[in-house]
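The values are calculated or read from the model by the stated rules, or taken from the named source; none is laboratory data. Only a predicted model underlies this, so the values are computations on that prediction, with no experimental measurement involved. In this analysis, Cβ positions are derived from the backbone assuming ideal geometry, glycine residues included, and neighbour counts consider all displayed protein chains. For the accessible areas, the whole protein counts, side chains as well, though only heavy atoms, and no ligand, DNA or RNA atoms are used. Shrake-Rupley method; radii C 1.70, N 1.55, O 1.52, S 1.80 Å.
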Amino acid sequence: MSIVTVQLGQCGNQIGFEVFDALFSDSHCPQGLCSKRENEAYQASCKERFFSEEENGVPIARAVLVDMEPKVINQTLSKAAHSGRWKYGQHSCFCQKQGSGNNWAYGYSVHGPRHEDSIMNLIQKEVEKCDSLNGFFIIMSMAGGTGSGLGAFVTQNLQDQYSSPLKMNQIIWPYGTGEVIVQNYNSILTLSHLYRSSDALLVHENDAVHKICAKLMNIKQISFRDINQVLAHQLGSVFQPTYSGEGSFHYRRNPLGDLMENLVPHPEFKMLGVRNIPQMSENSLAYSTFTWAGLLKHLRQMLISNAKMEEGIDWQVRPPLSRLPTLGKMSLNKEFHFNTSIANLVILRGKDVHSAELGAFKDPALYTSWLEPVHAFSVWKTQRAFSKYEKSAALVSNSQFLVKPLDMIVGKAWNMFASKAYIHQYTKFGIEEEDFLDSFTLLEQVIASYCNLGF
């Protein structure tokens, strides 16, 4: 089954390119540590998901590119074409001459309705090329105007026009220090609208990815391309093919459906995060060896201590001994030491994968009291190695990991809203104060729901 990717805005298009490049590079990598037959099956499964029939021997990405300024789309098309390995379709882009000025309301209320037919027609043409549509993967940021405002509008339209295929939004959480003065407004409007129309939000925090580039990849001057390549690696580690079950050598046909089934047991909880191990530069890799026991011990501690990478893990954090409710309301100001999960999926790729022992992830103390580990924990495997790593593990987690950053964004947006700062920039494009209040209410409820997982 195929996935149609929708790349929105500067951020979405730059990341989208790196994702397709990573998927193609990995599926055509000769060092897959598996038989030729198995490698061919892996390649075919990846191609069916993400690339359509070849044109002159070059696979075409199943993607639609949307931006309100032409520069980034032209660069993205050109980079893909010049790679000579894969490319975007000739008629898969929509761009205009005027951006959204970092204003969510302009992207949502002006660009959205004005260009709705053109964008949805492009998406429909891409859908018609799929023998079987699995769903949509929408890549966007939430701090600017086009990716966030137009992204929310397009996601809503996809929900209206394609109610059955699944929608997963991959959203880039802005730097805490901020690039845009109104990024907190844009963020709360994006998140609240996506919560109503998307099936799952796969969140990457810019600050966390930046640290991975600095500390694990040893990059001295970090560019957006460096950050996007780490993101692409993490997404590839989730979406590349895995076996459909224990003992099976057939690749799963329904990747988005299986992800949702395993990770989103309730529509109130749809925030997903990804952690990977190992992540390192080529130079360091040459001197490193890994065991499944070591990788999984670190990955579990990263989960429960809410660490985004294996360096600097707090090993003092332990699962609570009991789930007895504590007296008094839990305050968000209290440090969130233990990261309670609602659902976890571990994806293992590489040598001796069937010998990996995952019992530690089935500990009931890791999960909310109303879900048994048998329903809350899943594992996917393949002997086919991913990227340059002989053994690698990815963890996709639905947990409390975003409670603090979300509470911070909502708090900052509320402080600005209370003093009516910049509100006129939104009301002049039809976003009323009532819309802001609805967004605050919905996100406060999301924060409360995730906080209560620990009880």
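Couple of notes before you dig in:
- Distance (nanometres) between label positions extended 7 Å along Cα→Cβ at residue 224 and residue 125: 2.6 nm
- Taking amide H as placed 1.01 Å from N in the peptide plane, residue 341 has its amide H under 5 Å from the amide H of 367, 368, each at least 5 places away in sequence or on another chain.
- Top positive-direction residue, dipole computed over the chain with Cβ charges, set 379, 15, 289: 289
- Taking a ≥ b ≥ c as the square roots of the eigenvalues of the Cα gyration tensor, the range 45-122 is prolate, since a/c reaches 1.5 or more and a/b is larger than b/c.
- Shape class for the chain: oblate, because the ratio a/c of the largest to smallest gyration tensor axis (alpha-carbon atoms, square roots of eigenvalues) is 1.5 or more and b/c is at least a/b.
- Per-pair calculated FRET efficiency, R0 = 30 Å: residue 337 and residue 177 via Cβ, rounded to 0.05: 0.75
- Dipole magnitude for the range 404-452: about 260 debye, using +1 per Lys or Arg Cβ and -1 per Asp or Glu Cβ, origin at the Cα centre.
- Tally of Lys pairs whose C-alpha atoms are under 29 Å apart, taken over the range 384-451, 8 or more apart or cross-chain: 5
- Between the residues 419, 446, 429, the greatest Cα displacement towards the positive end of the dipole of the range 404-452, with unit charges on the Cβ of Lys, Arg, Asp and Glu, is found for 419.
- Accessible-area order (highest first, 1.4 angstrom probe) of the listed residues 47, 381, 220, 362: 220, 362, 47, 381
- In Hz, Karplus ³J(HN,Hα) per residue of the range 133-142 (6.51, -1.76, 1.60; θ = phi - 60°; x = Gly, Pro): 8, 7, x, 10, 10, 10, 9, 7, 9, 10
- Amide H partners (placed H, <5 Å) of residue 170, local residues excluded: 138, 139, 140, 202
- Solvent exposure of the range 380-430 as accessible area per residue, Å², 1.4 Å probe: 37 Å²
- Close amide H pairs (under 5 Å, H built 1.01 Å from N) link residue 5 with 63, 64, 137, residues at least 5 positions away or on another chain.
- FRET efficiency, residue 250 to residue 441 (Cβ-Cβ, R0 30 Å, nearest 0.05): 0.10
- Lysine pairs within the range 2-273, Cα separation less than 16 Å, 8 or more sequence positions apart or different chains: 8
- Counting heavy atoms of the protein chains alone, residue 18 has an accessible area of about 10 Å² for a 1.4 Å probe.
- Heavy-atom SASA rank of 412, 420 (probe 1.4 Å, accessible area, largest first): 420, 412
- Accessible area in square angstrom per residue, the range 97-159, 1.4 angstrom probe: 34 Å²
- Relative contact order of the range 2-273, defined on C-alpha pairs under 8 angstrom at six or more residues apart (%): 21 percent
- Rounded percent of accessible protein surface that carbon and sulfur make up, the chain, 1.4 Å probe: 51 percent
- Within-13-Å neighbourhood charge of residue 241 [Cβ basis; K, R +1; D, E -1]: +2
- Accessible area per residue, Å², the range 231-289 with all protein chains present, probe 1.4 Å: 40 Å²
- Linear extension gain, residue 214 paired with residue 283, 0.36 nm per residue minus alpha-carbon span: 23.4 nm
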